[in-house]
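The values are calculated or read from the model by the stated rules, or taken from the named source; none is laboratory data. Since the structure is predicted, the reported quantities are computational estimates derived from the model, not experimental observations. Backbone-built Cβ (ideal geometry, glycine too); neighbour counts: all protein chains shown. These accessible areas exclude ligands, DNA and RNA; they are computed on the full protein's heavy atoms, side chains included. Shrake-Rupley method; radii C 1.70, N 1.55, O 1.52, S 1.80 Å.
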Amino acid sequence: MGNQKLYKGSLQTIILKLLASNSKMYGYEITQHVKEITKGELKITEGALYPALHKLEADGLLEVEVAKVGNRLRKYYKLTDSGTKETVHKLAEMQEFLRTMQHLVNPKFSLE
């Protein structure tokens, strides 16, 4: 998809969903997972990812676990209990948004 702006408002939901499915992940792993899942259509930049991760952490939805990998420290992000609940809420919100958009752009086709 050529228009990355459409994904921008969904970044937190994407991160929460990935962490719900994968227990814990580090930043680069998140970017690569999204790229793989979307077959290269969505590329999350570090400039977008890390502020979103820090915001989710500040909001109490993520916690950070630091592990030494080789000679470096790696930050793994994982959901808190609040993060797990918020993921359910955000995914329901996203599904409702997609249904609404589908009705607008193609009223004869339904996702249900």
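Would you list Lys8, Lys108 from the most to the least accessible area, probe 1.4 Å? Please report the intermediate quantities before stating the final value.
Numbers: Lys8 165, Lys108 195 Å².
Correct descending sequence by accessible area is Lys108, Lys8.
At 1.4 Å probe size, with no ligands or nucleic acids counted, give the accessible surface of Glu96 in Å², nearest ten.
Looks like 90 Å² after rounding.
State which entries of Lys8/Lys43; Lys8/Lys39; Lys24/Lys68; Lys39/Lys90 exceed 20 angstrom in Cα-Cα distance in the structure shown. Numbers along the way, then the final one.
On the way: Lys8/Lys43 11 Å; Lys8/Lys39 18 Å; Lys24/Lys68 15 Å; Lys39/Lys90 23 Å.
Over 20 Å apart, Cα to Cα: Lys39/Lys90.
Only sites in a loop by DSSP and with at most 12 other Cβ atoms within 10 Å count here; which chymotrypsin sites (Phe, Trp or Tyr not before Pro) in the range 3-112 make the cut?
Working: sites: Tyr7, Tyr26, Tyr28, Tyr76, Tyr77, Phe97, Phe109; in loops: Phe109.
Loop-located and lightly packed - Phe109.
Calculated from DSSP H runs of 4 or more alone, at -39500 (n - 2.57) each and per residue, what is the 222 nm mean residue ellipticity of the chain, nearest 500? Walk me through the numbers before you get to the answer.
Details: 5 runs with 65 residues, N = 112.
It lands at -18500 deg cm²/dmol.
What list of ³J(HN,Hα) couplings, whole Hz, do you get for the range 15-23 from phi and the Karplus terms 6.51, -1.76, 1.60, once you set θ to phi - 60° and write x for glycine and proline?
Each residue's phi maps through the Karplus curve to give 4, 4, 4, 4, 5, 5, 8, 10, 6 Hz.
What is the percent carbon and sulfur in the accessible area of the chain, measuring with a 1.4 Å probe over the protein chains and ignoring ligands? Please list the in-between numbers first.
Working: 4200 of 7730 Å².
On the chain, the fraction of accessible area on carbon and sulfur atoms equals 54 percent.
Counting only C-alpha contacts under 8 Å and six or more residues apart, can you give the relative contact order of the range 61-112 as a whole percent? Working shown, then result.
Working: 40 pairs, mean separation 13.1, N = 52.
Averaging sequence separation for qualifying contacts and normalising by length gives 25 percent for the range 61-112.
Summing +1 for each Lys or Arg and -1 for each Asp or Glu, what net charge is found among the other residues whose Cβ lies under 12 Å from the Cβ of Tyr28? Mind showing how you got there, number by number?
Working: positive: Lys35, Arg72, Arg74, Lys75; negative: Glu29, Glu46.
Around Tyr28, the surrounding residues sum to +2.
In debye, nearest 20, what is the charge dipole magnitude of the chain about its Cα centre with +1 on Lys and Arg Cβ and -1 on Asp and Glu Cβ, if you could check? Each step should come with its number before you reach the end.
Working: 17 positive and 13 negative charges, 71 e Å.
Magnitude of the dipole: close to 340 debye.
Extension gain Lys75-Glu63, at 0.36 nm per residue separation less the Cα-Cα distance, in nm?
Details: separation 12, 0.36 × 12 = 4.32 nm, distance 0.97 nm.
Net length gain for the segment: 3.3 nm.
Please list, ordered by chain and number, the residues whose modelled amide H lies under 5 Å from the amide H of Tyr26; skip anything fewer than 5 residues away on the same chain.
Close amide H contacts, sequence-distant or interchain: Tyr77.
Provide Asp81, Asp59 ordered by accessible surface of protein heavy atoms (probe 1.4 Å), highest first. Could you put the intermediate results ahead of the total?
Values: Asp81 125, Asp59 85 Å².
So, going from the largest accessible area down, we get Asp81, Asp59.
For the chain, what is the accessible area per residue in Å² when the probe is 1.4 Å? Please report the intermediate quantities before stating the final value.
Numbers: 7730 Å² over 112 residues.
The answer is 69 Å² per residue.
Given an 8 Å cut-off on Cα distances and at least 6 residues of separation, report the relative contact order of the chain as a percent. Walk me through the numbers on the way to the answer.
Working: 108 pairs, mean separation 29.5, N = 112.
After rounding, I find 26 percent.
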